[in-house]
Amino acid sequence: MNNYIKIPYTNASDVLALFDPDKEIIALAESHHSIIDFIEQMRERKWDIELTMFFAHALPLREAIWWGYQCLSSRDDWDHDEHHAILSAKLWVENPDEHHRRHAELMIKKVGLEAAPGWIAQAVFWSGGSITPKGEPSTEPPLYLYAKAIAGAVNLCAILPEGEHKEERFSYYYKMALNIARGGNGIAEALKA
């Protein structure tokens, strides 16, 4: 039984069909069909970057962005603008309207895409709605492009700046993702106990 009530897929292969994983990951899903078994096998192999991509696609849009926001919020070494880029994701999750989506776009321009905060803001901007400037013909982002940005944000957050804390960060971020998948809020403080 899948106790991950927020993951709307029957098996791991359903999630993998949403992006372009390596052949090894596809083979693993073929031998470990259930979401629970697949996640456990990915963690056991320490396929962290790939598992982050899996979670970013498996969770529904708002929950996935909330997960990214929680991961980035677990660190306190962001500068002022980076902090506000991260906050733009929270504001959008709380009120997913065009105003907050376009605010995230402004934050991308402020912080760039060299670090995780820019990528979580990018995920919000790619969440739906036109990605062209206001007043120009509307162009929707490709499906699940936001998930790639979330995965980029979480992976960069875990690995940078020196990679020295990546194992503990990935482990902590996965606890958050699993908490959200079970219907929790993934709040970092609640997971420390």
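The values are calculated or read from the model by the stated rules, or taken from the named source; none is laboratory data. From a predicted model like this one, the values you see are computed outputs, not experimental measurements. Using ideal geometry, Cβ is built from the backbone for each residue, glycine included, and neighbour counts are taken over all protein chains shown.
Confirm whether Glu63 is within 19 Å of Glu168 (Cβ to Cβ), surrounded by 16 or more Cβ atoms within 10 Å (Cβ to Cβ), out of contact with any Cys (no Cβ under 7 Å at 6 or more places or on another chain) and of a type in the set (Asp, Glu).
On the way: within 19 Å of Glu168 (Cβ to Cβ): no; surrounded by 16 or more Cβ atoms within 10 Å (Cβ to Cβ): yes; out of contact with any Cys (no Cβ under 7 Å at 6 or more places or on another chain): yes; of a type in the set (Asp, Glu): yes.
It is false that Glu63 is within 19 Å of Glu168 (Cβ to Cβ), surrounded by 16 or more Cβ atoms within 10 Å (Cβ to Cβ), out of contact with any Cys (no Cβ under 7 Å at 6 or more places or on another chain) and of a type in the set (Asp, Glu).
Within the stretch 1-17, how many residues are more than 16 Å from the chain's Cα centre (by Cα) and within 24 Å of Leu72 (Cα to Cα)?
Residues flagged as more than 16 Å from the chain's Cα centre (by Cα) and within 24 Å of Leu72 (Cα to Cα) within the stretch 1-17 amount to 2.
Residues are listed down the side, and each one gets a yes or a no for (1) touching a residue at least 24 places away in the same chain (Cβ under 8 Å); (2) under 23 Å from Leu16 (Cβ atoms):
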site	(1), (2)
Ala89	yes, no
Asn95	no, no
Arg102	yes, no
Ala116	yes, no
Trp126	no, yes
Leu156	yes, yes
Ile159	no, yes
Glu162	no, no
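Just a yes or no: is a residue in the stretch 136-150 within 17 Å of Trp78 (Cα to Cα) and aromatic (Phe, Trp, Tyr)?
no
Whether any residue in the stretch 103-121 is small (Gly, Ala, Ser) and in contact with a Ser or Thr (Cβ under 6 Å, 6 or more places away or on another chain) is what I want to check. Give the derivation first.
First, pick out the residues of the stretch 103-121 that are small (Gly, Ala, Ser): 104, 112, 115-116, 118, 121.
Then drop every residue that is not in contact with a Ser or Thr (Cβ under 6 Å, 6 or more places away or on another chain), which leaves 104, 121.
Looking for residues that are small (Gly, Ala, Ser) and in contact with a Ser or Thr (Cβ under 6 Å, 6 or more places away or on another chain), one finds at least one in the stretch 103-121, hence yes.
Please work out which residue is farthest from the chain's Cα centre (by Cα), limiting yourself to the stretch 168-193 and to residues that are modelled with pLDDT of 80 or more and hydrophobic (A, V, I, L, M, F, W, C).
Narrowing the stretch 168-193 to residues modelled with pLDDT of 80 or more: 168-187.
Those left that are additionally hydrophobic (A, V, I, L, M, F, W, C): 170, 176-178, 180-181, 187.
Details: Phe170: 12, Met176: 11, Ala177: 9, Leu178: 12, Ile180: 12, Ala181: 12, Ile187: 14 Å.
Once the filter is applied, the top-ranked residue is Ile187.
Is one or more of the residues making up the stretch 144-165 modelled with pLDDT of 95 or more, acidic (Asp, Glu) and in the same structural domain as Arg75 (by TED's automatic domain parsing)?
No - not one qualifying residue is present in the stretch 144-165.
Considering only residues of the stretch 18-46 that are under 17 Å from the mean Cα position of the chain (by Cα) and assigned to a loop (DSSP other than H, G, I, E, B), which is surrounded by the fewest Cβ atoms within 10 Å (Cβ to Cβ)?
Asp20
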